[in-house]
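A.B. asks: Below is the structure I would like to discuss, written out as structure tokens.
The values are calculated or read from the model by the stated rules, or taken from the named source; none is laboratory data. Bear in mind that the values here come from a model prediction, so they are computed numbers and not experimental data. Every residue, glycine among them, receives a Cβ derived from its backbone with ideal geometry; neighbour counts consider all protein chains shown.
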Amino acid sequence: MASDGSIRTDASTVHRGSSKKTDIRKKSPGGQAETDKPASSDSSAELEELADAKTIIRGSSRVRSSGSDWSRSDRTPASVAGVLLGQRLNHFLLEDFVGGGGMGAVFRAHDEQLDRTVAIKVIPFVGDDPDLKRRFRNEAQSAAKLDHPRIAKVFDVGTDDDWHYIVFEYIQGTNIRDLVTRDGLLPIDEAVFFTCQLADAIQHASDRGVVHRDIKPSNVLIGEGDTIKLVDMGLARTESLDLNEDMTASGVTLGTFDYISPEQANDPRDADFRSDIYSLGCTLYFMLAGEPPYPGGTMLQKLMHHGKTPPPDIRLLREEVSEDLAAVIKKMLAKDPEDRYQHANDLVADLQEVAYREGLQRVQTLGPVTINTPGPFWAFLDHHAAWLVAFGLLLISVGVLYVVGQLSKGQFAISVPASKSVEFSSANLPQSPLQKGTSQNGVDLGPFPGDLSGSNSADFVETSPRATMDSATLAPSAPPRIRDLPVPEELSREETMPLQNNSTNIRSNPNRTGTKTDSRIQPQDQPALGSLDPNVPSDWRPRAIRVSQSPPMSADGDNDSLEYAYASSLEEAIEFASSFEVDRIELAEPLIRSAPVTIDRDGLVISSSVGGTVIVFESDSSAPMQHAELIKIGTNRIELEDIHITWTVPSGGMSGGCIFSMNANRLVRLTDCSVTINNSVRQSDVYAFEIETDPKRKKRTRERSDEASDPLRSNAKFGDSNYMGSLPLVSIEMYNVCIRGQMTMAKMDTAAELQMRWENGLLAITGRMIETAGLLSKPLPSAKPIQLRLERLLVMAPRGFLRMRLDADHPYPLQVDREAKNCVFIIQGDVPVAEFSGTSSLANSPPVLVLRGEANAYDAKADLSDVMLRLVDTKNEEAITRMVDLKDAPPTWAVEQSSRWAVDWASETFKSQPVNQLMPQDFLQYGAVISGFNEKALTIMTRLEAAKADEEI
């Protein structure tokens, strides 16, 4: 590093003292470290010290034997610096010499095209050798793969005449080597903190197949705010790179003796990310002890120490280092790569455990890390996958050759048995997947109303007229039926042949007897499905209803034999599901438009069979005073899979609406779904879930309902006389679900026993997550609270997480129990996260809110003055608990662990974008440990994507 305190992106261990003592924590008015000093003051001294560089270089014999001028000249970094300082390489003006080592000279330069300051490393030994040029470019491209906040970015690579260079990000700061030399040993908390950040950078590089190969204190820079950067990726190599493309394959051995791993010293091409772990261990040792593990001796002696001598105990030089931390360092410095950490995340996890045990506060701000440690079996597969795959392919090839050989000998001749009459029986037919109250995910849903699966099919009385479909009645355009085709004589000895393939389309057909000309078939007008073919059993039921605009015709070769009935719309499919007692609807189109629908069958599953379907709901714009209910569920259980719901609120509407309208309900489950509401005019009373459990309101609804005459439905929907003694149950489960738009997510007209589980998701709305009234009467002691189980969820709800309003009709509060793990909550200014208004007391006993969980992050103000809980009593007096209270003196109702109070966003543009357009990638974060959703498991399928998929199909 130059005496001006600038970044020295060199790969050497050259140490130059500074004549001007610099404190990186003392900033100039401009925010820069006060390290500026003219380059000319000690340029000659720095050039002289380059001769002491400790980076290992054994020049390529091929280069030495070349006839270029450069192979005959002095190509040391000192000579390069002397020649190039003040010159231009293409559009880069080299303004100042920063430092150098055996691998090159580093300059601060000005990019005249983009008008920015950069760092340029000139690699002097490439010359005109085409092989080295190609390898130099390959390794520069490997470094350019990396994009991480703790790694200095590679901007460019180029050539100007015989000079080959790499352009880096330029950072103002100092490196760890100079920092320790100047200020002394680092505090343990700070050293471990820096190590965790570097391990995160190593993991990032390892995930992209890149190995640094020269991690050491002089390559770790401390910038403003104690941010660190790992520099000099010019020596990086892609693990998947062919050895012939590796620069070290030409005889150049890279590394620094004090920090080089045993395997890298033996052959740099053997170095993988575990070599970086070793060098990081040496760097941590230096930060704690002020010297590398093996500081003395010649180069050869150091190499022998790294390869054979056990690492010294750090506690001999730093007594306050704990046994746990010493054990971590010992594992990092293991001689055998197999004995080191196999993932950098494993190292971070152990260091954070040490921090937790020893109270290292700065490390704990990083939050916990989730690791997946493979078992012995998976570790074996990981190390021997290539051989196993090759062996498997060999076995398959041998098997194929054997079968082909046997077929050629006639040993697998196929014999045709004598034909026999085949009769259909109900046992051979596909059954409804939910006919006995079991969901597709194996969850017991209980007995369904109207379930006839337990009855004998012989007791079923057919009342509908049968429609015969022979050749004479088929439309001229209909495909030929199998018995109309010529059949060989040996296969036509039976009078009839059972239907082999029949995918039934129950869509209207004017040529079919017993159907209406209307596209919707009412149950009483519907023909018995067995009559579609004389050989279809009278008690036939399809496995599922499929919604498709182009259903396959019944023809030979159709694989949907007796499995599906087809409908032209979602509304029609729901009617058919109820008529035929089918519990599954499959959407076979990427894009479907639908009017509001009512679910009148319990345990219905609606899924996409094309990898995702967008349902665009269109509410009735002609009735602006009507409150829209797009999916009216009532008390029925329902599951949605791979469904993406979109609704644009009509601009002329005045009463809002909701996607899901529910009453007391035992299960609403969404898996791999998204809900988008475009409410650009910001109409009020717009919700994703609207839950009505007030018995008075339900009674009025019942009296107006056509279902009031059905005792079974009435009891299921409105409960018995003991309803007031227990709270209504509402269960909502969501897995990999995104909800976004201008709305409040869920509203309850009265508090209920809400059980919400949400695993991996994104909530980006303009209102609150949950808004509810209080209870009608005082709850029983056995009453359960509102239970919210959240895991890997990102919540952006500017109006707050929850609000419960108590009034004269709903005067009693119900406790809210929120358990969150690895979630992110974006806090909006002074808006309380949770608010309870109208309480009889501010004592908060028993507590109205319980916070449990771990590893959650709150994007709050720096001083943590944001309001977590606000209580307002009937006298309009209030009691407030702020974020800082949770951090410094948490109340008994807040038992979260390992919380973080800031989020390092990659970009904050999401704060200014319309929420109905936000995507998971808009919420990317920096850091070793990131709370919130798993982006790879989330999907928001837009209308445009669905239309494109429809065109491809």
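A.B. asks: Name the residues in region 885-917 that are of a type outside the set (Gly, Ala, Ser), part of a loop (DSSP other than H, G, I, E, B) and crowded, with 18+ Cβ neighbours inside 10 Å, would you?
C.D. replies: TRP893, GLU896, TRP901, VAL903 - these are the residues of region 885-917 that are of a type outside the set (Gly, Ala, Ser), part of a loop (DSSP other than H, G, I, E, B) and crowded, with 18+ Cβ neighbours inside 10 Å.
A.B. asks: Also: Being modelled with pLDDT of 50 or more, touching a Gly at 6+ places or on another chain (Cβ under 6 Å) and either within 27 Å of VAL605 (Cβ to Cβ) or of a type in the set (S, T, N, Q) (or both): is that true of ILE677 here?
C.D. replies: Yes; evaluated as a whole, the condition is true for this residue.
A.B. asks: Quick one: is ALA783 under 23 Å from ASN663 (Cβ atoms), assigned to a strand (DSSP E or B) and of a type outside the set (D, E, K, R)?
C.D. replies: When the stated conditions are applied, ALA783 does not pass them.
A.B. asks: Got a number for residues in region 756-778 being within 23 Å of ARG799 (Cβ to Cβ) and either without any contact (Cβ under 8 Å) to a residue 12 or more places away in the chain or in a loop (DSSP other than H, G, I, E, B) (or both)?
C.D. replies: 5
A.B. asks: When you go through (1) buried (at least 23 other Cβ atoms within 10 Å of the Cβ); (2) in contact with a strand residue (DSSP E or B) (Cβ under 8 Å, 6 or more places away or on another chain) one by one for GLU641, which number turns out not to apply?
C.D. replies: Failed condition: (1).
A.B. asks: Could you check how many residues of region 827-845 are part of a strand (DSSP E or B) and surrounded by 21 or more Cβ atoms within 10 Å (Cβ to Cβ)?
C.D. replies: Residues in region 827-845 being part of a strand (DSSP E or B) and surrounded by 21 or more Cβ atoms within 10 Å (Cβ to Cβ): 4 in total.
A.B. asks: For region 565-677, list the strands (runs of 3 or more DSSP E) that sit wholly inside it and hold at least 1 residues that are of a type in the set (D, E, K, R) and more than 30 Å from the chain's Cα centre (by Cα); which are they?
C.D. replies: It comes to 628-634.
A.B. asks: Hey, can you tell me all the residues within region 356-377 that are in a helix (DSSP H, G or I) and either touching a Cys at 6+ places or on another chain (Cβ under 7 Å) or modelled with pLDDT of 55 or more (or both)?
C.D. replies: Residues satisfying the conditions are TYR356, ARG357, GLU358, GLN361, ARG362, VAL363, GLN364, PHE377.
A.B. asks: Whether any residue in region 871-893 is touching a Pro at 6+ places or on another chain (Cβ under 6 Å) and among the β-branched types (Val, Ile, Thr) is what I want to check.
C.D. replies: no
A.B. asks: Name the single residue, out of those in region 789-800 being assigned to a strand (DSSP E or B) and buried (at least 21 other Cβ atoms within 10 Å of the Cβ), that is farthest from the chain's Cα centre (by Cα).
C.D. replies: Looking at residues that are assigned to a strand (DSSP E or B) and buried (at least 21 other Cβ atoms within 10 Å of the Cβ), I get MET796.
A.B. asks: Give just the number: which of (1) within 41 Å of the chain's Cα centre (by Cα); (2) of a type outside the set (Ser, Thr, Tyr); (3) surrounded by fewer than 14 Cβ atoms within 10 Å (Cβ to Cβ); (4) farther than 26 Å from ASP183 by Cβ does LEU300 not satisfy?
C.D. replies: All conditions pass for LEU300, except number (1).
A.B. asks: Take residues that are surrounded by fewer than 21 Cβ atoms within 10 Å (Cβ to Cβ) and tell me which of the strands (runs of 3 or more DSSP E) falling wholly in region 131-227 contain 3 or more.
C.D. replies: Fully inside region 131-227 and qualifying: 154-160.
A.B. asks: Take the conditions modelled with pLDDT under 90, surrounded by 14 or more Cβ atoms within 10 Å (Cβ to Cβ) and more than 19 Å from VAL605 (Cα to Cα) and apply them to SER714. Does it pass?
C.D. replies: Answer is yes for this residue.
A.B. asks: Taking the options LEU871, LEU851, name whichever one is in contact (Cβ under 8 Å) with a residue 24 or more places away in the chain, in a strand (DSSP E or B) and over 33 Å from the mean Cα position of the chain (by Cα).
C.D. replies: Selected residue: LEU871, the only one of LEU871, LEU851 that is in contact (Cβ under 8 Å) with a residue 24 or more places away in the chain, in a strand (DSSP E or B) and over 33 Å from the mean Cα position of the chain (by Cα).
A.B. asks: Hey, another quick one. Kindly evaluate ASP859 against the criterion of being surrounded by fewer than 24 Cβ atoms within 10 Å (Cβ to Cβ) and within 29 Å of SER912 (Cα to Cα).
C.D. replies: The answer is yes for ASP859.
A.B. asks: Next up: Given the options ARG882, ARG803, name the one that is at pLDDT 95 or above and surrounded by 18 or more Cβ atoms within 10 Å (Cβ to Cβ).
C.D. replies: Step by step, each of ARG882, ARG803 is checked, and only ARG803 is at pLDDT 95 or above and surrounded by 18 or more Cβ atoms within 10 Å (Cβ to Cβ).
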